[in-house]
Amino acid sequence: MISHLELIEELYPICRSITGTGVRKTFEIISKYIPLETYEVETGTKVFDWEVPEEWAIHDAYIVCPDGSKIAQFKENNLHVMSYSKRINTSLTLGLLKEHIHTLPDHPSWIPYRTMYYDRSWAFCLSQNTLDSLPEGKYRAYIDASHKNGSLTYAEAVFPGTSGKEIIFSTYVCHPSMCNDNLSSVSVMIKLAQELANKNHRHTYRLLFLPETIGAITWLSKNEKSLSKIIAGVNLTCTGNRAPITFMKSRQKTSISDKAMKIVLDDMGLLYKENDFSPIGSDERQYCSPGINLPVVTLMRTPPGEFEEYHTSADNFDVISEDSLREMTSVCLSFVDTLEKNNTYINTYSKCEPQLGKRGLYRKTGGQRVNQVSQTAIKWVLSYSDGHNDLLDIANRSGIRMEEVVSASSVLEHQGIIMRISK
Ligand SMILES: [Zn+2]
């Protein structure tokens, strides 16, 4: 089985942006590992308040120094050119060139990652050390790039179930050669898809690989009519560094996703940080916008923008680890498992407690297990199986592991004491 890191190594060299061959090449590679359906949405297509932009292609770029040497070579590092830069081939002084150069003075050896999708301009990204070494003189800035009508590409891996309900997982595929943001989550989604392909499940799982922001907006705009099927979702961003997990709630705050993710992280015994929803981040901004309001939570480690190497050339293989990535995939799989086992029941003996003893479900010594099922879990399930609270609610209220709540419910269901009302 290919590892997360091997997947990232294969995808790392590609120059991705929000449109174009980088994204398509990325999907070609992903489709070697999982079944993937790609979609093309034409330039100019109206998607809510936005329009699908022109497609950007870049072939080469560099700066020629006064002595004829070349720096900022795109072919050496694709971060050297601001994404969506326009074509340029011009001679200029160092002073004028500096107006088109981004650096990181606090990290003088790192190259920043910059984008400018919706204004036509151009820029290079250099290390501060390189900039400081440039002598006065005449320079040539050369960017062989084009903007033309084309399309935006996104992809889905779908694993159908029978319940008519859907769970989405989403991540973005528009960043060039950087690891944590965001090839980490691409690798987690591929590994998750490989596991889902080998499982029977009642719900449908739809894994979305999109360019950030415009891709999510485009997908939501094209799929607006089927959004009501979505009962839960997870957006993944920056999942591969060595920091503890951060779980950001959905805007709804108490959705199935919110309840299930908390249970998963607690039951796995992970140290994690729980944040309320904030509209400063990734594609959850679109999924949780007021008119869409999907139950989508976000899984990450250090939030984007809060780790030192964010959007720089230092976001490389030193930042991520196989263990962190593997743990994140396990969290996603556990989330799937939890949703698969979640049900809502009605207690058919709701007027006082049913007599458990005559059904072999009670032992006089309190707290003991009968047939491996916790007496406490049985009492909680009986008490809250009222047709409104699901097993997630019962696990959350009682603090009992989901696994035990599920075992209690299946024994009670088997004996006809509770009746399942969820599909
Ligand atoms: Zn980013």
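The values are calculated or read from the model by the stated rules, or taken from the named source; none is laboratory data. Bear in mind the structure is a predicted one, so any value in this text is a computation, not a measurement. Note: ideal-geometry Cβ built from the backbone for every residue, glycine included; neighbour counts use all protein chains shown. Ligands, DNA and RNA are stripped out before the accessible areas are found, and what is left, the full protein with its side chains, is counted by its heavy atoms. Shrake-Rupley method; radii C 1.70, N 1.55, O 1.52, S 1.80 Å.
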Which of the strands (runs of 3 or more DSSP E) found entirely inside the range 234-340 contain at least 2 residues meeting this: of a type in the set (Ser, Thr, Tyr)? none
PRO112: passes all of (1) under 27 Å from the mean Cα position of the chain (by Cα); (2) open to solvent by 30 Å² or more (accessible area, probe 1.4 Å); (3) within 29 Å of GLU54 (Cα to Cα) but (2)
If you take the residues of the range 195-207 that are under 23 Å from CYS238 (Cβ atoms) and open to solvent by 10 Å² or more (accessible area, probe 1.4 Å), which of them is nearest to the ligand (Cβ to nearest atom)? ARG206
From SER187, SER170, SER163, SER177, grab the single residue that is closer than 30 Å to SER250 by Cα and either in a helix (DSSP H, G or I) or among the hydrophobic types (A, V, I, L, M, F, W, C) (or both). SER187
Which members of the range 137-183 meet the condition of being of a type outside the set (A, V, I, L, M, F, W, C), without any contact (Cβ under 8 Å) to a residue 60 or more places away in the chain and surrounded by fewer than 24 Cβ atoms within 10 Å (Cβ to Cβ)? PRO160, GLY161, THR162
Check LEU192, LEU210 and return the single one that is within 16 Å of the ligand (Cβ to nearest atom) and at pLDDT 95 or above. LEU210
Going through the range 314-344 in order, the residues found to be within 17 Å of GLU413 (Cα to Cα) and out of contact with any Asp or Glu (no Cβ under 7 Å at 6 or more places or on another chain) are GLU340, LYS341
Can you find, within the range 42-55, the residue that is least open to solvent (accessible area, probe 1.4 Å) among those that are closer than 17 Å to ARG16 by Cβ and touching a Lys or Arg at 6+ places or on another chain (Cβ under 9 Å)? VAL52
Elements of type strands (runs of 3 or more DSSP E) in the range 8-112, at least 1 residues being in contact (Cβ under 8 Å) with a residue 40 or more places away in the chain and within 17 Å of GLN128 (Cα to Cα): 55-64
